[in-house]
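The values are calculated or read from the model by the stated rules, or taken from the named source; none is laboratory data. Since this is a predicted model, take the numbers as computed values, not measurements. Every residue, glycine among them, receives a Cβ derived from its backbone with ideal geometry; neighbour counts consider all protein chains shown. With ligands, DNA and RNA removed, areas are computed over all heavy atoms of the protein, side chains included. Shrake-Rupley method; radii C 1.70, N 1.55, O 1.52, S 1.80 Å.
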Amino acid sequence: MDLRPDRCSSRGYWPGWGLLAVLLLAGTTGCSLVLDSGAAQCATDEDCVRFGSYPICQEGLCVPSGLGPPGCFRGEPSSEEQYRNQCTLAQCVPFDNCARLGLCDGASLPPLVPKP
């Protein structure tokens, strides 16, 4: 029988198992101890202003509203400037008119339609 202290027993005991168990337990519960997962992120749309880009509050979470462009007026307009700069859900989609007409490769313009 070998009684030297540097040898593990035949039962498979490793001195690091206890430390490993503590680290695994801390890893699985650490986030819930640090973060408050039960608290709502917002109660009104105004609580979400700090995130920028006009998010809205839905079920206690700030979610993107899709409103834009940046710097637009959000709310009921009361002046012409506010009306012109009002936020919208519209998207700007680029359109290649040159490719549609086939005129951007150096080709000449088609002849004008003669007057009736």
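Below, the figures for the structure above:
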read-out: Checklist (1) open to solvent by less than 100 Å² (accessible area, probe 1.4 Å); (2) modelled with pLDDT under 90 applied to T88, failing item; value: (2)
read-out: Check on Q41, assigned to a loop (DSSP other than H, G, I, E, B) and of a type outside the set (D, E, K, R); value: yes
read-out: Test: residue in segment 62-79 that is touching a Gly at 6+ places or on another chain (Cβ under 6 Å) and either of a type outside the set (G, A, S) or not in a loop (DSSP other than H, G, I, E, B) (or both); value: no
read-out: Selected residue (criterion: nearest to R50 (Cα to Cα)) from residues of segment 72-84 that are of a type in the set (G, A, S) and open to solvent by less than 70 Å² (accessible area, probe 1.4 Å); value: G75
read-out: Segment 57-86 residues that are closer than 27 Å to A40 by Cβ, paired with ones that are in a helix (DSSP H, G or I) (beta carbon under 7 Å, 6 or more apart); value: C57/D45; C57/D47; C57/C48; C62/C48; C62/F51
